[in-house]
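Structure first, then comments.
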Amino acid sequence: MKKKDILILGIESSCDETSISVVKNGREVLSNVISSQIDIHKLYGGVVPEIASRNHVINIDTVLDEALKASGVTLDDIDAIAVTYGAGLLGALIVGVNFAKALAYANNKPLIAVNHIEGHIAANYIAHHDLKPPFACLIVSGGHTALCKMESFTNRSLIGTTTDDAIGECFDKVARECGLEYPGGPNVQRMAEKGKKTINFVVKPHEKLKDFNFSYSGLKTAVINYLHNKRQRGEEINIANVCHSFQEEAVGQVVYKSIEACKKFGLKTLVLAGGVSANKRLRQAMTDEGKKNGIDVFYPDISLCTDNAAMIASAGYFCFIENKNIADPFTLAPSATVQL
Ligand code: KG4
Ligand code: ZN
């Protein structure tokens, strides 16, 4: 390893994945260990916060050992420790943040506080080594639906955000109403692949939606009402067609707004970030529309779309080299909500 290489240890525990990773120079993943709790939360139809926290406590030590072993480096080689401090489930965040604080203090390493969303964006720097700002970024996750302009690696301006629900939340709710297992998004996608567009769930045509904000609660209600009406009348429901029709509308809105925003702000690169960017239909539809409009569309590998610590280490790297978000190992506090 060259002397000037910078190694960041990333720690992520904001929801139901306990993850620790070592990343070199913000772009090269040396290890990315993810301990998923999906099978546990599946039994309850969604993430149970208290159970998530307890499992982070049980797993985090082992995940660190595995991440260091797989990376081939030791804690001595690490330049700084980056941790997700928010947004997320408070009890879950507390475990990762306290672990990082103790690790940083005991090993005399700088501690970097990372906004989870910046992590999702940074996943793209790992996936595309030449990618650099400025670019437009669509953030689509369980908690966010937002469009922003990345001005630099650590600065961004908000173009639009959801006025009600997040797109991922909407996928999960529709999945539950359709009787599909947690996690909802991937299961809706799988069902949608077997169906056709037979139902019109359009609440308002996209071109009639003002500015660059999003709205998903109307779509969610339209799907729920459709299912309830059918069930009340004892009519058969084709779940694959419901999922397909819903997904077309859900994806259509973010694709339309993102391309319009790129055109308006003269941005030729559009990046997708967050769990919902794993959606195959979204990736395809955005790429197709991008091509028609001379916009290059980027997204991370599926494994980097959902929560992982490599993206936190990458975001931490860009803060570290600019001396930003350096936190005190005694006082850093997790936060359930963090401003975009
Ligand atoms: O970014 P993420 O892992 O966690 C948050 O920070 O929120 O996103 C989780 C969200 C969930 O709502 C999940 O259903 C959704 O991402 N998701 C998907 C797909 N994979 C994950 N939604 C649609 N299609 C997918 N393939
Ligand atoms: Zn996330």
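Just so it is clear, none of the values below were taken in a lab; they were calculated from the coordinates. Keep in mind it's a predicted model, so treat the numbers as computed, not measured. Don't worry about glycine lacking a Cβ; one is built from the backbone with ideal geometry, like all the others, and counts go over all protein chains shown.
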**Message:** For the chain, what does the helix formula give at 222 nm: sum of -39500 (n - 2.57) over DSSP H segments with n ≥ 4, over the residue count, nearest 500 deg cm²/dmol?
**Reply:** -14500 deg cm²/dmol
**Complete:** Full extension between residue 193 and residue 293 adds, at 0.36 nm per residue less the Cα distance, a length in nm of 33.4 nm
**Request:** Decide, for the range 133-300, between rounded, prolate and oblate: order the square roots of the alpha carbon gyration tensor eigenvalues as a ≥ b ≥ c, take rounded if a/c falls under 1.5, and otherwise choose prolate if a/b is larger than b/c, else oblate.
**Result:** prolate
**Difference of contour (0.36 nm per residue) and Cα-Cα distance, residue 206 to residue 232** = 6.3 nm
**Prompt:** Leaving out same-chain residues fewer than 8 places away, which lysines sit with a Cα under 16 Å from that of residue 42?
**Reply:** 173
**Request:** Give me the lysines in straight-line cross-link reach of residue 69: C-alpha distance below 27 Å, same-chain residues under 8 apart excluded.
**Result:** 2, 3, 4, 24, 101, 109
**Request:** Between the alpha-carbon centers of the range 49-96 and the range 289-340, tell me the distance in whole angstrom.
**Result:** 16 Å
**Request:** Could you check which residue among 140, 203, 297 shows the biggest mean-square fluctuation in a GNM of the chain with a 10 Å Cα cutoff?
**Result:** 203
**Fill in**
Taking a ≥ b ≥ c as the square roots of the Cα gyration tensor eigenvalues, with a/c under 1.5 meaning rounded and otherwise prolate when a/b beats b/c or oblate if not, the range 143-184 comes out prolate
**the range 133-300 - charge dipole about Cα centre, Lys and Arg +1 at Cβ, Asp and Glu -1, debye rounded to 20** = 300 debye
**Message:** At 24 angstrom or more along the helix axis (alpha-carbon based) and mean Kyte-Doolittle of -1.0 or higher, what helices does the chain contain? Whole DSSP H runs only.
**Reply:** 49-71, 90-107, 239-265
**Request:** Could you give the size of the charge dipole of the chain about its Cα centre, using +1 on the Cβ of each K and R and -1 on the Cβ of each D and E, expressed in debye and rounded to the nearest 20?
**Result:** 1020 debye
**Per-residue HN-Hα couplings for the range 271-279 [Karplus 6.51, -1.76, 1.60; θ = phi - 60°; Hz; x = Gly/Pro]** = 10, 9, 9, x, x, 6, 6, 6, 5
**Those lysines that a straight Cα-Cα span of less than 17 Å connects to residue 292, excepting residues fewer than 8 apart in one chain** = 257, 263, 264, 268
**Request:** Take the chain, connect every pair of alpha-carbon atoms lying under 10 Å apart with a spring to form a Gaussian network, then pick out the residue of 73, 188, 95 with the largest mean-square fluctuation.
**Result:** 73
**Message:** Suppose each label sits 7 Å from its Cα in the direction of the beta carbon; what would the residue 155-residue 62 distance come out to in nanometres?
**Reply:** 4.5 nm
